[in-house]
1. Can you give the extra length, in nm with one decimal, that the chain gains between residue 352 and residue 248 once fully stretched, where that is 0.36 nm per residue apart less the Cα-Cα distance?
2. With a 10 Å cut-off between alpha carbons and a GNM built on the chain, which of 333, 174, 261 moves the most?
3. Mind giving me the FRET efficiency for residue 340 and residue 218? R0 is 41 Å, r the Cβ-Cβ distance, nearest 0.05 is fine.
4. Evaluated at 25 °C with a viscosity of 0.890 mPa s, what Stokes-Einstein diffusion coefficient in µm²/s does the stretch 145-210 have when Rh comes from the Kirkwood expression over alpha-carbon pairs?
5. Return the percentage of antiparallel bridges among DSSP beta bridges fully within the chain, rounded to the nearest 5 %.
6. I'd like the distance between the alpha-carbon centres of the stretch 113-136 and the stretch 311-327, rounded to an integer number of Å.
7. Evaluate the distance, in nm, between pseudo-label points positioned 7 Å from the Cα of residue 145 and of residue 170 along their respective Cα→Cβ axes.
8. Round to a whole angstrom and tell me the spacing of the C-alpha centers of the stretch 331-366 and the stretch 238-298.
């Protein structure tokens, strides 16, 4: 068996080496342990496309490759992929049910004094939050599939009813993205998808907010059933003015969907921060140098402290010291120009979310 295995390893090395030689201008070649093969290759304009083609051709052979910059040349190393253990969906389903439970209970708490059909509102609340989080993760999953990166099903994280009903969800990848373009797409796909659903949930919140007499609001507030707020974030104010009837002597009981959308805006804003393992951190790593990315990580931590999200800032600080950054297999080829433009737009989107949907939001700042 040892001889057969060695023969298989040698044949794999040989096939991979031949493919590399046909796609790149090779200077030197070295055979490494465990079936790996290393090349010194010349830098060329077509290396980005060649590497993409190489990955597609050697994956069926059980290989991956990395492209790194050396001194005066590029280093290309092809190696055998670690065998991926099959993962069941049991844990995913358990976490999904637990998260549905915490969100449902939280929806009941937030809808108990709402002047409408309680089961319907709780159902809308659950659909709203699960829609925001689920579509966010599906954005990552679709981007992973399009770029040929194997990833897990979402792991939803339950929260604390009455405070924070869920801590979001994560998916894990069993291999790095191919190049900076794919790293960028994997990072940005989730926040943009989740933001689209968040806006829809916010509109639904305005449509389901209820206008009641001021006297009734005052009585319920005095009894501790409602919390009166004197100001709202600009986006919620605009939606209420547009979709909710406004009459003299009437006040508005905010729909629980307004909280759901506020949570969605907050998740999107935090994820767009260009810090280490956040979605925005992957995007920044795809566009910027590692040194500049590190500087922006600490700048993000400082910004979160200033804007009142100290716990999140501390969490990112801890993660940045313990978790390695995600590097694409091809960390040499530049990112596309269109993605560089989108990177600037992302900063604008994050600023707009903060100014219009987070600053003065009564759920975050009293």
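Each reported figure results from applying straightforward, stated rules to the coordinates on display, with no laboratory input. Fair warning: this is a prediction, and the values are worked out from it, not measured in the lab. Note that we place each Cβ from the backbone using ideal geometry, even for glycine, and neighbour counts take in every protein chain shown.
1. 34.3 nm
2. 174
3. Numbers: r = 54 Å, r/R0 = 1.32.
Efficiency, from the Cβ-Cβ distance: 0.15.
4. 170 µm²/s
5. In the chain, DSSP labels about 95 percent of beta bridges as antiparallel.
6. Result: 32 Å between the Cα centres.
7. 2.3 nm
8. 9 Å
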